[in-house]
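Let me begin by presenting the structure, written as structure tokens, before commenting on it.
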Amino acid sequence: MTALLAFLQRARNSDLSYSFLRSPEALIGAAVLALYAMFALFAPWLATQDPFDPAALNLMDARMPPAWLEGGAPMYWFGTDGQGRDLLSVMLYGLRVSLIVAITATVLSMLIGVTLGLFSGYAGGRLDNFIMRVADVQLSFPTILVALLIDGLARTVLPKEIQEQVAIWVVVAAIGLSNWVQYARTVRGVTMVEQSKDYVNAARLIGLGKWRILFCHVLPNVLNPVLVIATLSIGMAILTEATLSFLGLGVPPTSPSLGTLIRLGNEVLFAGEWWVTVMPGVCLMVLVLAINLFGDWLRDVLNPRLK
């Protein structure tokens, strides 16, 4: 307990905490992200209706506008869709799916990129040239095009009977494999600088192995830019997942994300049911904006050249 209190006291008095408490953008972004995380985590308890339980749906309540408009009902704050589902409840569950996909895909791309970047920067030579040329080829294609290619390839290879069960993991793999390049290039550059420093030379002199030097000494010193890229990449992963879902290639309708809701709402937009697509769209916009605000602050505070 004493150690925990001491740690909290040091964290409170740190430069990072000082900068965070005096940055309105960081405070707003962190507060919104914490609120969204709470909504996603406690969706089953916050939602007034289970949108995936057919017994809880009432077709007589379909296409109801938000509660503050004429014809709306107080029990449906954001209105209902064509199946009579409470739009707010569907958004809570959709937010959970979007965050799970984005965070998991970001972790996957970070693991691949950091590992390849460390090997490329430390080994050099042919391995470095090969990894960087692969990265250059992938950078010549837009991220969404690479994700579409991987997603389409997986749907072609996998049997149809299991495609819906693994659809979320296919999207995670598609996004993760399309975003590793920025990690690899950044980590490679930092590793090339770090490996020539005195602490690495000292580790070599005392007989430490290459793997221990790489992962125990070099890796901790390249994490700052990686954390910044990962924070900003979550927002991009959310948008990529939403784009794939909007195109009908994302998560299945049985587990809708925010992108799926926007696509379904777009189909009835010109019928006057604007709330089905506008509400999830605003929710998605605020989420990505909060991530970018927090990521920009983290980039500034972890980069000494910007201070």
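For every helix of n ≥ 4 consecutive DSSP H residues, a contribution of -39,500 (n - 2.57) applies; sum these over the chain, divide by its total residues, and give [θ] at 222 nm rounded to the nearest 500 deg cm²/dmol.
Values: 14 runs with 206 residues, N = 307.
Rounded to the nearest 500, it is -22000 deg cm²/dmol.
Quick one: dipole size for the chain, taken about the Cα centre, charges +1 on Lys/Arg Cβ and -1 on Asp/Glu Cβ, in debye to the nearest 20. Walk me through the intermediate numbers first.
Numbers: 20 positive and 20 negative charges, 305 e Å.
So the magnitude is around 1460 debye.
Taking the average, over residues, of other Cβ atoms within 10 Å as the packing measure, peptides 227-240, 121-134 rank 227-240, 121-134 from highest down. With θ taken as phi - 60° and the Karplus curve 6.51 cos²θ - 1.76 cosθ + 1.60 applied, the whole-hertz 3J(HN,Hα) list for segment 108-115 is 4, 5, 5, 4, 5, x, 5, 4 Hz, x standing for glycine and proline.
Mind checking the full-extension length gain between Ser196 and Glu161? Use 0.36 nm per residue of separation minus the Cα-Cα distance, one decimal, nm. Spell out each step's value before the answer.
Working: separation 35, 0.36 × 35 = 12.60 nm, distance 5.31 nm.
Result for the pair: 7.3 nm of gain on full extension.
Simple rule: put +1 on each Lys or Arg Cβ and -1 on each Asp or Glu Cβ in the chain, find the dipole, and look at Pro220, Val282, Ser98; the Cα lying farthest toward the positive end is Pro220. The mean accessible area for residues of segment 39-80, using a 1.4 Å probe and ignoring ligands and nucleic acids, is 68 Å² per residue. Rolling a 1.4 Å probe over the heavy atoms of the protein chains gives segment 200-244 an accessible area of 50 Å² per residue. Averaged over residues, the count of other Cβ atoms within 10 Å places the peptides 174-182, 141-149 in the sequence 174-182, 141-149, highest first.
About its Cα centre, the dipole of segment 50-141 is roughly 440 debye, where the only charges are +1 on Lys and Arg Cβ and -1 on Asp and Glu Cβ. Surface composition of the chain: carbon plus sulfur atoms contribute 68% of the solvent-accessible area (1.4 Å probe, protein chains only, all chains present). Working from label points 7 Å from Cα in the Cα-to-Cβ sense, the Phe20 to Val286 distance is 2.2 nm.
Would segment 43-119 count as rounded, prolate or oblate if I go by the C-alpha gyration tensor, calling it rounded below 1.5 in a/c and otherwise prolate when a/b exceeds b/c, oblate otherwise?
On the way: a/c = 4.17, a/b = 3.19, b/c = 1.31.
Judged from the Cα gyration tensor, segment 43-119 comes out prolate (a/c at least 1.5, a/b above b/c).
The values are calculated or read from the model by the stated rules, or taken from the named source; none is laboratory data. Just so we're clear, the structure is a prediction, and the values are computed from it rather than from any experiment. We place every Cβ from the backbone using ideal geometry, glycine too, and count neighbours over all the protein chains shown. Note: accessible area is taken over every heavy atom of the protein model, side chains too, but ligands, DNA and RNA are not part of it. Shrake-Rupley method; radii C 1.70, N 1.55, O 1.52, S 1.80 Å.
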